[in-house]
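Bear in mind that the values in this text are calculations on the coordinates, not laboratory data. Predicted, not measured: the structure shown is a model, and the values here were computed from it. So basically every Cβ, Gly included, is an ideal-geometry build from the backbone, and we count neighbours across all protein chains shown.
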């Protein structure tokens, strides 16, 4: 790639910007870019019957198999490092003597420490689910209420790297004090743990300024499902609240639209592209929920697309926003590295076709735009790359030039516009 | 493959059976196996605006491009021979002097004879849409009412090989005499044309015995759409009426569940497998509706899967039927060649998972069956082949043996059980 020397210089500038913008966020030093990893819930739900569903039940076997596959199938090398156990891992009650949480003895016979070590030995990170209330959401395990300190210590003793804290069964509990308090308990252990909060999802008018001070990421929308409709709903949910959501995201603090569901059963190839591109443009965590053993090669290639992951993990950490809606088309724009020699950003631009075009609902829609109408104003222009096919370099475009694409129904085109130097 | 000598012998027996069962069908000698080809409607609808949609409009360009692609992409070699123009090809009115139908002059500037010759020069067959009533369904062109003879002659003069006759705008017209009359007009031209009738779709209690005497194939269900729900609805529609539908299918006369929509935008890979397998097990016409230029390689491989096409095109022409329902699983069984040395058929068996399994809606379901419970009773057993992966020969199974598979949600597993010889 051209301009590597400049890139290094500008990374330094980027690093400065990052320090300035994230000063109000949770300062545990973690999640400088959106976390990447794997979580079972969308795909494996709360399956506890290991006799009837030996391959699909929530058990140490599932997580050891997935740890192996994260490495052997190339996901870890692409950046997917966090293997996070979701709900349904606990015994129904705490230890009667110590009040500590316990993993289900039948499904985790080797114990959480053993599983944690297995995951760490693969150079992966280990995450665990918990709930701020009285029971976990699936009601199988005890919640953290009344036990913040002991639970944080238990997690630290298990070498947990990432905590997902849900918000079920919180009647009478003030989330605006409970979530910070649990976060402080985590901090007091001295072990750095990414802190993922479901906090705003359970509130009508969440105080994002407060949330970002205490959490590395936060869920703001419904649980994702394996369907195109669910992905599009999540995008629209973000769209409606984007002014409020985008301004609180920065290195160390991220909006979480929930898991990637690519590689399961119900998404078309176009819908799979749509989710991967949109999550990257939103600076969302890339946490897969699928059975890595049965992901087809072309979907694995999408999940491991290095150019798209680079957008998601851009060091500036500025989330994209929708700059233009035209019929069914939404254009989402994210400023990314590299900047040129006078500091103009490059841009990742997602053109999403998410509606039913009345004239031809089944036709790909042709969309034409003058780049400066999107805010791409660098007079030297931009070199455009198709992020789904980096071999296809599209050419140099000036702000006055028209950019024309054809976008499939429920699909997306995703380009990087690399800012050219002024001379 | 083993037993080729026997296969030849049994083809002769099969040929005998075929003559016996099809004696009541339309005897124009055509469609001895379900027609295979391409039709634009599901994908391109009635797009007539070639300025705004130059690539997608119904025009001779679309059909010449598709003819080229049928050959160059390997579809023709796999059996997809009929290129059929659906609605929206006509001028609004007949020729004022001769009363002949005319193709739209702007979108078909070279004329239908030129297009027909272009298609024939590629060793493909040429099909054309018409309507038995007063207007075509999209209301753009005149219907055949009052002009059967002249329209049949026009079609013959254009070297048409296949006529799709729709049933819109038929107020006051008796379909049970109109469809046979138009068929007779086709026959009188002396040109063999496959006769595809929408006849039963427009009736409450269609007389299939009559319909099969006059048509090579007939639509019985709603227009298909590019969605998993549409495919599953069509399968259930067939399922509910299968006793009536299966008994009228035979070489020369076929139930038509409408087009294959694989290769478009909204089907997952599993749903694409589902349609291809189910259409083959039902002995359905395999008429694609997609843009052949943008079908992805893995879907092209499904569409051109020779083992599945062989099931669809089986010379016995006995359609499959659902022999067993268990929760979400339907098991569909089609007797196919080869038969063994005492005349026992082989079977193509589709295991479809088309419902929401309440225990784990997102898990593949494990299904176990003793083969004789499906009617597979050949005491020497069957060699099982995975039709989606012919390299994977699964083994020899006796009637008392259990066969176990794992079927994805909205997915299918499809096996051939090849009947072994008795010695």
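Please arrange B:225, B:273 by counting, for each residue, the other beta carbons lying within 10 Å of its beta carbon, fewest first. It would help to have the intermediate numbers written out before the result.
Numbers: B:225 19, B:273 26.
Final ranking by Cβ density, sparse to dense: B:225, B:273.
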Tell me the distances, shortest first, between residue A:394 and the same position across the other copies, using label points 7 Å along Cα→Cβ, in nm to one decimal.
4.6
Using a 10 Å cut-off on Cβ to Cβ distances, tally the other chain neighbours for every residue of A:258-268 and report the average as a whole number.
4
Given the C-alpha centroids of the range A:283-335 and the range B:313-336, what is the distance between them in whole angstrom?
42
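Computed over the Cα atoms of the range A:59-202, what is the convex hull's projected area averaged over all directions, in nm²? Kindly include the intermediate steps, with their values, before the conclusion.
Details: hull surface 34.3 nm².
Quarter of the Cα hull surface area: 8.6 nm².
How high is the relative contact order of chain A, in percent, with contacts defined as C-alpha pairs under 8 Å that are six or more residues apart? Please report the intermediate quantities before stating the final value.
Details: 912 pairs, mean separation 63.5, N = 423.
Over chain A, the number comes to 15 percent.
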For the peptides A:176-183, B:394-401, A:253-260, B:244-251, what is the packing order when you average, over each peptide's residues, the other Cβ atoms within 10 Å and list the highest mean first?
A:253-260, B:244-251, A:176-183, B:394-401
Within the range A:376-395, find all residues whose amide N lies under 19 Å from a label point positioned 7 Å from the Cα of residue A:342 along Cα-to-beta-carbon.
A:376-383
Among A:345, A:120, B:147, which comes first, then next, by fewest other beta-carbon atoms within 10 Å?
A:120, B:147, A:345
Summing -39500 (n - 2.57) over every DSSP H run of at least 4 in chain A, dividing by its residue total and rounding to the nearest 500, the 222 nm mean residue ellipticity is -8500 deg cm²/dmol
One decimal, nm, shortest first: give the distances between the label point of residue B:123 and those of the same position in the other copies, each label point 7 Å from Cα along Cα→Cβ.
5.4
Going by how many other beta carbons lie within 10 Å of each one, how would you line up A:363, A:50, fewest first?
A:50, A:363
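Looking at the protein assembly as shown, send over the antiparallel percent of its DSSP beta bridges, to the nearest 5. The partial results should precede the final answer.
Working: 77 of 125 bridges.
That works out to approximately 60 percent antiparallel.
Given a Förster distance of 45 Å, report the FRET efficiency between residue B:223 and residue A:49 from their Cβ-Cβ distance, rounded to the nearest 0.05.
On the way: r = 42 Å, r/R0 = 0.93.
The pair residue B:223/residue A:49 has a calculated efficiency of 0.60.
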Shape category assigned to the range A:316-423 from the gyration tensor of Cα positions, a/c cut at 1.5
prolate
Between residue B:205 and residue A:243, what is the label-point separation in nm under the 7 Å Cα-to-beta-carbon projection?
6.4
Which whole-number percentage describes the relative contact order of the range B:154-235, with Cα contacts under 8 Å and a sequence gap of 6 or more?
28
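Once you sort the root eigenvalues of the Cα gyration tensor of chain B as a ≥ b ≥ c, which label holds: rounded (a/c under 1.5), prolate (a/b larger than b/c) or oblate (the other case)? Can you show the working numbers first?
On the way: a/c = 1.89, a/b = 1.62, b/c = 1.17.
Verdict is prolate for chain B.
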Where the centroid of each part is defined by its Cα atoms, how far is the range B:64-99 from the range B:368-388 in Å?
42
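As a test, work out the antiparallel percent of DSSP beta bridges whose residues both lie in chain A, rounded to the nearest 5.
For chain A, the DSSP antiparallel bridge percentage is about 60.
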Taking the label point 7 Å from Cα along the Cα-Cβ vector, the copy-to-copy distances for residue A:92, listed from shortest in nm with one decimal, are 7.5
What is the protein assembly as shown by shape, rounded, prolate or oblate, if you read a ≥ b ≥ c off the alpha carbon gyration tensor as root eigenvalues and call it rounded for a/c under 1.5, prolate for a/b larger than b/c, and oblate otherwise?
oblate
